[in-house]
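Novice: I have a structure here, written as structure tokens, and I will follow up with some questions on it.
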Amino acid sequence: MIEFVIGSSLAAAAGLNAWIPLFLLGLAAKLLPAVALPAGWAWLSGDLALWIIGALLVLEIVADKIPALDSLNDIVHSIIRPAAGGIAFGAGASAQTVAVDDPGTFFSEHTWIPIVSGILIALAVHAVKATGRVAANAATAGIAAPALSTAEDVTSLVLTVAAIVVPIVAAVLLIGLIVTVVVVVRRRSRRKRAATAPDRA
């Protein structure tokens, strides 16, 4: 169960920022003795992988804060974030972390399940983020982009660190993220219905 919480949290974080969970997971495995990635995902903690992921992380952080460019960035990341979510879930759910010293064998024996789960979770979060950003840019002429992007990056960072160090906190944050997504989606659907009601009348 705790492995599922870790994987889900990392995948959700990847839906907000593709590279934060991969970078922090790899860095933690490299620097912290308590964190060990399974053999199939050990490449994440390699020097070359960390440099490449780190460079891509900086690029995404900058691009996501520039109005208009942020929407293009979201389109490009429509494939990258779900893929990152699959990797993050697969690596995180079967890794030894600060909170888990003996990961369960279920995910290691059924390696496709965490990858598919991570892809779906990251895709759902990304879809809400991307559509929300388009609406916010339209309503504020792009002025809200830097603030929204910073909030998303901080959420991804906190969710990732919590997943690695204190999964129970990550579970609470994940529930909060789900509630927020549901509220945002419901408000959007109400606004659409309200906007179309006068047209029908």
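Novice: Does Asp64 fit the bill of being touching an Asp or Glu at 6+ places or on another chain (Cβ under 6 Å) and at pLDDT 90 or above?
Specialist: Values: touching an Asp or Glu at 6+ places or on another chain (Cβ under 6 Å): yes; at pLDDT 90 or above: yes.
So Asp64 passes the test.
Novice: Next question, about the same structure. Can you pull out the residues in region 123-147 that are assigned to a helix (DSSP H, G or I), in contact with a Pro (Cβ under 7 Å, 6 or more places away or on another chain) and within 20 Å of Lys65 (Cα to Cα)?
Specialist: Initially, region 123-147 is screened for residues assigned to a helix (DSSP H, G or I), giving 123-140, 145-147.
Those left that are additionally in contact with a Pro (Cβ under 7 Å, 6 or more places away or on another chain): 123, 126, 137, 145.
Residues satisfying the conditions are His126, Asn137, Ala145.
Novice: Can you work out which of the residues in region 32-53 that are in a helix (DSSP H, G or I) and in contact with a Leu (Cβ under 9 Å, 6 or more places away or on another chain) is surrounded by the fewest Cβ atoms within 10 Å (Cβ to Cβ)? Steps first, answer last, please.
Specialist: As a first pass, look at region 32-53 and keep what is in a helix (DSSP H, G or I): 39-45, 47-53.
Keeping just the survivors that are in contact with a Leu (Cβ under 9 Å, 6 or more places away or on another chain) gives 41, 43-45, 49-50, 53.
Numbers: Trp41: 20, Trp43: 12, Leu44: 22, Ser45: 19, Ala49: 16, Leu50: 18, Ile53: 22.
Only one residue fits best here, namely Trp43.
Novice: Between a residue in region 23-40 that is farther than 19 Å from Ala13 by Cβ and among the acidic types (Asp, Glu) and any residue that is surrounded by 16 or more Cβ atoms within 10 Å (Cβ to Cβ) and modelled with pLDDT of 85 or more, which pairs come within a Cβ distance under 6 Å, given they are 6 or more apart or on different chains?
Specialist: Correct list of pairs: empty, since none qualify.
A quick yes/no check of all residues on (1) over 27 Å from Gly176 (Cβ atoms); (2) in contact with a Gly (Cβ under 6 Å, 6 or more places away or on another chain):
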residue	(1), (2)
Val5	no, no
Leu22	no, no
Leu27	no, no
Leu31	yes, no
Trp41	yes, no
Leu48	yes, no
Ile53	no, no
Arg81	no, yes
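Novice: So, Thr131, is that one of a type in the set (Ser, Thr, Tyr) and modelled with pLDDT of 85 or more or not?
Specialist: yes
The values are calculated or read from the model by the stated rules, or taken from the named source; none is laboratory data. What you see is a predicted model, and the numbers here were worked out from it, not measured in a lab. Positions of Cβ are backbone-derived with ideal geometry, glycine not excepted, and every protein chain shown enters the neighbour counts.
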